[in-house]
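Asker: Take this structure first; my questions come after.
Here, each number is a calculation from the coordinates, and none is a lab measurement. Quick caveat: nothing in here was measured; it's all calculated off a predicted structure. Quick reminder, even Gly has a Cβ in these numbers, built from the backbone with ideal geometry, and neighbours come from all protein chains shown.
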Amino acid sequence: MSHLSTNLAAARAPTSLVVLTVACVLLCLSGVAFGSSWIPIDQVAATILGAGEKTQKLIVLQLRLPRVVIAAIAGGAMATAGFLLQKITRNSLASPGILGVIDGAALGVVIFLALLSDESNALVTSIAYQPVAAMVGAALGIVLVFTLSGQQSNSAIRLLLFGIAVGAVFKALVMVLMLIGPIYRTSQAARWIAGAVNEINWSEIQVTALLLLPLLVLSLVVARKLPPADLDETSARSVGLDLPVFRIVVFALAAALTAVAVAFVGGVGFIGLMAPHMARLLVGRSVYAGLVGSFLLGALMLVGADLVVRVLFSPVEVPAGTVTAVIGAPYFLFLLMSRQRHDG
């Protein structure tokens, strides 16, 4: 029955991807349309294409569109990272948030803000270097988790335990740094940890997009070798794949995707866990369809989460990460209990 449902999902994969793309575009337009005043979706589209009056252009292009764009590309990148991690570890519980990547990125960002802030809490260097700090911290997180897991890194429970432990240590260090040292825009740093997409500007989006584009292209290239990665090391080597090296490449790529994605939007959790699962249900186990489907679903999730908090809590700005956590934490527990029942 499972094999039949997988074949059915694969057969409808192209249709599912088209539907997801249309849904993503419509949700993004809705995200721009909603705010202190409603702007009809057709007017939003017209304004984005260059029409509209001056006030409307200001609202759409400078205030609302940036947060929707960053949510879409960051959510998609986190979901892509989760897809890669789940495929390379053959572990349905693997995700950037659970393997210490997001907490590592948070630590990298806060260290950057702490070390490069003066006594008046002014940043002494360009904020454009923040993604680099996030990338270093994310790489540290995933390296620590897999190093501590050792030869049993394919064990779901072992990865989970070390991921939680490393994440807890990083969270504690983040809190200490925020309490004892000067931090550029401390309140914004706190919101970053929760995961918020407001107060994003086009220069930050440009940095994020320029860094993410080559990483996403590399993900498509790497995806070609993901099916052979399911083999054991001897079989993989027989088809020309050095599995240990390939794993390191995929781990590094997932860490980089996550770091760049969260560098400005913050520690949004569980998207990298949920989106690949949903993609498999919709498009089957095709690697390329799963990768694209995961990206689109990740974009939908974060844009949708931001829209939900704006609708429910306006005019208060609540981090979008609260919605993904409220939904993702029970889903993670469900997956964990299912895995335990399966393992006996």
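Asker: Say each of Ala46 and Leu161 gets a label point 7 Å from the Cα, pointing the same way as Cα to Cβ; how far apart are those two points in nm?
Answerer: In this crude spin-label approximation the distance works out to 6.2 nm.
Asker: Okay, next question. Peptides 15-27, 197-209: what's the order by average Cβ count within 10 Å, highest mean first? Let's see the in-between values first.
Answerer: On the way: 15-27: 15.3, 197-209: 17.2.
Top to bottom by mean Cβ count within 10 Å: 197-209, 15-27.
Asker: What is the extension gain from Lys171 to Thr147, computed as 0.36 nm multiplied by their sequence separation minus the C-alpha to C-alpha distance, in nm to one decimal?
Answerer: Working: separation 24, 0.36 × 24 = 8.64 nm, distance 1.93 nm.
Result: 6.7 nm gained on full extension.
Asker: Also, quick follow-up: Determine, for each peptide in 78-84, 109-115, 329-335, 50-56, the mean count of other beta carbons within 10 angstrom over its residues, then list the peptides with the highest first.
Answerer: Sorting 78-84, 109-115, 329-335, 50-56 by mean packing, highest first, produces 78-84, 109-115, 329-335, 50-56.
Asker: Next question. Could you tell me the relative contact order of the chain? Use alpha-carbon pairs under 8 Å, at least six residues apart, and round to a whole percent.
Answerer: Details: 567 pairs, mean separation 106.1, N = 344.
Value for the chain: 31 percent.
Asker: Let me ask another. How large is the dipole of the chain about the Cα centre if only Lys and Arg carry +1 and Asp and Glu carry -1, each at its Cβ, rounded to the nearest 20 debye? Don't skip to the end; give the middle numbers.
Answerer: On the way: 20 positive and 14 negative charges, 133 e Å.
Computed charge dipole of the chain: roughly 640 debye.
Asker: Take every Cα pair under 8 Å in the stretch 210-314 that's 6+ residues apart, average their separations, divide by the length, and report that relative contact order as a whole percent. Spell out each step's value before the answer.
Answerer: Details: 55 pairs, mean separation 26.6, N = 105.
About 25 percent, as a whole number.
Asker: Give me the distance in nm between label points sitting 7 Å out from Cα along the Cα-to-Cβ direction at Thr21 and Lys57, one decimal.
Answerer: 3.0
Asker: Looking at the chain, do any whole DSSP H helices span at least 18 angstrom along their long axis by alpha carbon and average -0.5 or above on Kyte-Doolittle, and which?
Answerer: TM-like helix candidates: 13-33, 65-89, 101-115, 130-149, 156-180, 202-223, 243-265, 287-313, 321-343.
Asker: Can you spot the aspartates and glutamates whose alpha carbon is less than 17 Å from Lys225's alpha carbon? Ignore those fewer than 8 places along the same chain.
Answerer: Straight-line reach from Lys225, under 17 Å: Glu233, Asp242.
Asker: Further, regarding this structure: Sorted by average packing, counted as other Cβ atoms within 10 angstrom per residue and highest first, what order do 299-305, 274-280 take? Kindly include the intermediate steps, with their values, before the conclusion.
Answerer: Details: 299-305: 26.9, 274-280: 24.0.
Most protected by this proxy first, the peptides run 299-305, 274-280.
Asker: When the chain is modelled as a GNM with alpha-carbon springs shorter than 10 Å, which of Val283, Val32, Val222 fluctuates the most?
Answerer: Taking springs between Cα atoms under 10 Å, the residue moving most is Val222.
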